[in-house]
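**Student:** Below is a structure I'd like to ask you about.
The values are calculated or read from the model by the stated rules, or taken from the named source; none is laboratory data. On a predicted model such as this, the values are computed, not experimentally measured, just so you know. As a convention, Cβ positions derive from the backbone with ideal geometry for all residues, glycine included, and neighbour counts pool all protein chains shown.
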Amino acid sequence: MPPPVFRFAPSPNGYLHLGHAFSALLNFDLARQTGGRFLLRIEDIDSARCRPEFEVTMRDDLSWLGITWEEPVRRQSEHFALYQDAVEQLEQAGLLYPAFESRAEISRLVAKASASGLWPRDPDGAPLYPGTPLPPAEREELMSSGAPYALRLDMDAARARAGELVWQEEGTGPGGETGTVTARPEAWGDVILARKDTPTSYHLSVVIDDALQGVTDVVRGRDLFWATSVHRLLQRLLGLPEPVYRHHSLILDAAGQKLSKSSASVALRELRAAGETPQDIRRMVGLALP
């Protein structure tokens, strides 16, 4: 039996913090304990926010923590053509449609729909897409005019094609879910899988990359627990293998909020500059010393 394969896949749109350190160290430790492989992947499909200097600092932080990885490192921005192939496969199956509303227009539609009652929201708290697919002729006209659009998954059609879905969970979900978990991708509505100017999304690229890199164990934060429902759906639709999942607890700040780059959580490089050691970082995140 081949060895298990783990991965850590940050986006270079800011500096790594303690939450990243916990996830990276946990994956690395599990790979060593099981005689497995550890991969680093750079998820840089957001060209507007991802910057090379952040990737350089990420690599430096991970090396300082004592983490090593296989080379070459997969960088998503170098594989857009591959993701586009998957988009075309889903389009040919009749499972994608273009949506042309701007974020402001979607907000207005949600507000209008909410006037007659609460509008449903996804597991992250965002309102579900309130629009409906346009007639084919109108779609073609708008696309020919160069109008921006997002390619959304027709969730009803996708669910009908995929059938029942589950995943094997070795960690725990936000409600204590573990073992065989029933996937509920419909909770996310018609998710965006690509845009006119970016031929992929997080959901699409992550399942393709995990499959191509032979990742057997996806170990990541509990905030992504229910997103696994969408990933299992795409794996079924695209004929991709199913990894085992292990969602871990999150490192929280003093206010009980998840650490994030956007909220300027203390970066690892700041802790390093303050004199903390890799052993200190392990203690801070609750991991045993190697």
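**Student:** Kindly list the number of the only condition in (1) surrounded by 15 or more Cβ atoms within 10 Å (Cβ to Cβ); (2) within 20 Å of Gln76 (Cβ to Cβ) that fails for Pro241.
**Tutor:** Result: Pro241 fails condition (1) only.
**Student:** Pick from Ser77, Ser63: which is surrounded by fewer than 17 Cβ atoms within 10 Å (Cβ to Cβ), free of Cβ contacts under 8 Å to residues at least 40 places away in the same chain, among the small types (Gly, Ala, Ser) and in contact with a Cys (Cβ under 9 Å, 6 or more places away or on another chain)?
**Tutor:** Ser77
A quick yes/no check of all residues on (1) of a type outside the set (Ser, Thr, Tyr); (2) modelled with pLDDT under 95; (3) outside the structural domain of Leu289 (by TED's automatic domain parsing); (4) in contact with a helix residue (DSSP H, G or I) (Cβ under 8 Å, 6 or more places away or on another chain):
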| site | (1), (2), (3), (4) |
| --- | --- |
| Pro12 | yes, no, no, yes |
| Tyr15 | no, no, no, yes |
| Leu18 | yes, no, no, yes |
| Phe22 | yes, no, no, yes |
| Phe28 | yes, no, no, no |
| Val56 | yes, no, no, no |
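**Student:** Still on this model: With closer than 16 Å to Ala9 by Cβ and basic (Lys, Arg) as the only criterion, which of Arg272, Arg236, Arg246 stands out?
**Tutor:** Arg246
**Student:** Moving on. Restrict the check to region 273-280 and report whether at least one residue is in a loop (DSSP other than H, G, I, E, B), free of Cβ contacts under 8 Å to residues at least 60 places away in the same chain, surrounded by fewer than 17 Cβ atoms within 10 Å (Cβ to Cβ) and among the polar types (S, T, N, Q).
**Tutor:** There is at least one residue in region 273-280 that is in a loop (DSSP other than H, G, I, E, B), free of Cβ contacts under 8 Å to residues at least 60 places away in the same chain, surrounded by fewer than 17 Cβ atoms within 10 Å (Cβ to Cβ) and among the polar types (S, T, N, Q).
**Student:** While we're looking at this one, here's another question. Have a look at Arg51, Arg41, Arg37 and point out the one that is touching a residue at least 60 places away in the same chain (Cβ under 8 Å) and in the same structural domain as Pro2 (by TED's automatic domain parsing).
**Tutor:** That would be Arg41, the only listed residue that is touching a residue at least 60 places away in the same chain (Cβ under 8 Å) and in the same structural domain as Pro2 (by TED's automatic domain parsing).
**Student:** Does any residue of region 62-82 turn out to be touching a helix residue (DSSP H, G or I) at 6+ places or on another chain (Cβ under 7 Å), farther than 17 Å from Leu193 by Cβ and part of a helix (DSSP H, G or I)?
**Tutor:** Taking every residue of region 62-82 in turn, at least one turns out to be touching a helix residue (DSSP H, G or I) at 6+ places or on another chain (Cβ under 7 Å), farther than 17 Å from Leu193 by Cβ and part of a helix (DSSP H, G or I).
**Student:** Is it the case, given these coordinates, that Glu91 is in contact (Cβ under 8 Å) with a residue 24 or more places away in the chain and assigned to a helix (DSSP H, G or I)?
**Tutor:** yes
**Student:** So, restricting to helices (runs of 4 or more DSSP H) that lie completely within region 133-241, which ones have at least 3 residues that are over 19 Å from the mean Cα position of the chain (by Cα)?
**Tutor:** 136-144, 155-162
**Student:** Here is a check on your reading of the model: is Ala126 among the aliphatic types (A, V, I, L, M) and surrounded by fewer than 14 Cβ atoms within 10 Å (Cβ to Cβ)?
**Tutor:** Spelling it out, Ala126 is indeed among the aliphatic types (A, V, I, L, M) and surrounded by fewer than 14 Cβ atoms within 10 Å (Cβ to Cβ).
**Student:** Under 8 Å between Cβ atoms, at least 6 apart or on separate chains: pull out the pairs that start in region 155-175 with a residue that is closer than 19 Å to Pro123 by Cβ and free of Cβ contacts under 8 Å to residues at least 60 places away in the same chain and end on any residue that is part of a loop (DSSP other than H, G, I, E, B) and of a type in the set (A, V, I, L, M).
**Tutor:** Sorted first by the residue in region 155-175, then by its partner, the pairs are Met155/Val191.
**Student:** Pick out the one residue from Pro72, Pro2 that is surrounded by fewer than 18 Cβ atoms within 10 Å (Cβ to Cβ) and at pLDDT below 95.
**Tutor:** Just a single option satisfies the conditions, and that option is Pro2.
**Student:** I would also like to ask the following. Output the residues belonging to region 262-290 that are modelled with pLDDT under 95, among the hydroxyl-bearing types (Ser, Thr, Tyr) and out of contact with any helix residue (DSSP H, G or I) (no Cβ under 8 Å at 6 or more places or on another chain).
**Tutor:** Once the filter is applied, which keeps residues that are modelled with pLDDT under 95, among the hydroxyl-bearing types (Ser, Thr, Tyr) and out of contact with any helix residue (DSSP H, G or I) (no Cβ under 8 Å at 6 or more places or on another chain), region 262-290 yields Ser262, Ser263.
**Student:** Look at region 12-49 and say how many of its residues are more than 21 Å from Ser201 (Cα to Cα), of a type in the set (Ser, Thr, Tyr) and assigned to a loop (DSSP other than H, G, I, E, B).
**Tutor:** 2
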